[in-house]
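Worksheet: one structure, shown below.
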Amino acid sequence: MLRTQILSRNVVCVKPMLLGVSILLFSAACARLPALTPDILRAAEQKWTAHKPASYRLVVEMSGDRVETGRFEVEVMAGQVVSFRRNGLIISPNPGQDYTMDGLFHMLTQELGLAEKPTMLGAPPGYSVYLNAEFDEDSGRLIRYRRIVGGVSNSIDVHVTEWQPGR
């Protein structure tokens, strides 16, 4: 009988600990990106401007409800795009849509403007647009961006999966 009570107490002590660990892991897995505001974007862009290398390579993966999933590989040398590929195919970049880090900041500025008018993104009246982004603390470069439009399927996810500063 004594043995059963000791075992029973040990099991009771382990259950709350497992529950706590489970909650911690679940909340970490579901952690949201920080909200994107004009002030946060401005601060990140200022850091980027102060620290950006003249040459770098990055890979951006984009997906969403109304955009074609794509993998963009960009190489910048001396501040100019020297290589731009979409899904492995060489393409010519359009000004402001070249997927350089400066181009991504331009896109985020446009997204903030669109978020002020949710109906322009297809949201029913009364619904909002939710913008979230993560930036590198030191350089200000974009790591990940997500837009969710309430009341409609019009999300977008931009993830910088590879980043290599120039040599």
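The values are calculated or read from the model by the stated rules, or taken from the named source; none is laboratory data. Quantities reported herein were computed from a predicted structural model and do not represent experimental measurements. Counting neighbours? That spans all protein chains shown, and the Cβs are built from the backbone with ideal geometry, glycine included.
Here are some notes:
- When ALA78 is tested against (1) over 30 Å from LEU89 (Cα atoms); (2) touching a Ser or Thr at 6+ places or on another chain (Cβ under 7 Å), exactly one condition is not met: (1).
- Residues satisfying the stated conditions in region 120-148, i.e. over 30 Å from ALA50 (Cβ atoms) and either surrounded by 14 or more Cβ atoms within 10 Å (Cβ to Cβ) or not assigned by TED's automatic domain parsing to the domain that holds GLY64 (or both): LEU121, GLY122, ALA123, TYR127, ILE148
- Test for HIS106: is it of a type outside the set (S, T, N, Q) and in a strand (DSSP E or B): no
- Pairs, first more than 16 Å from SER155 (Cβ to Cβ) and at pLDDT below 95 in region 102-130, second aromatic (Phe, Trp, Tyr) and surrounded by fewer than 18 Cβ atoms within 10 Å (Cβ to Cβ), C-beta under 9 Å, six or more apart: THR119/TYR127
- Unmet requirement for GLN46, which otherwise passes all of (1) over 19 Å from ASN154 (Cβ atoms); (2) modelled with pLDDT of 95 or more; (3) under 17 Å from the mean Cα position of the chain (by Cα): (3)
- Selection within region 109-119 - in a loop (DSSP other than H, G, I, E, B) and crowded, with 17+ Cβ neighbours inside 10 Å: none
- Just one of the listed residues (GLY113, GLY150, GLY126) is over 15 Å from the mean Cα position of the chain (by Cα) and on the phi > 0 side of the Ramachandran plot, and it is GLY126.
- Single residue of region 153-167 satisfying the filter (among the β-branched types (Val, Ile, Thr) and surrounded by 14 or more Cβ atoms within 10 Å (Cβ to Cβ)) that is nearest to the chain's Cα centre (by Cα): VAL158
- For VAL81: the one exception among (1) at pLDDT below 95; (2) part of a helix (DSSP H, G or I); (3) surrounded by 14 or more Cβ atoms within 10 Å (Cβ to Cβ): (2)
- Residues that are over 16 Å from TRP163 (Cα atoms), surrounded by fewer than 15 Cβ atoms within 10 Å (Cβ to Cβ) and among the hydrophobic types (A, V, I, L, M, F, W, C) within region 42-78 comprise ALA43, ALA50, VAL67, ALA78, listed in sequence order.
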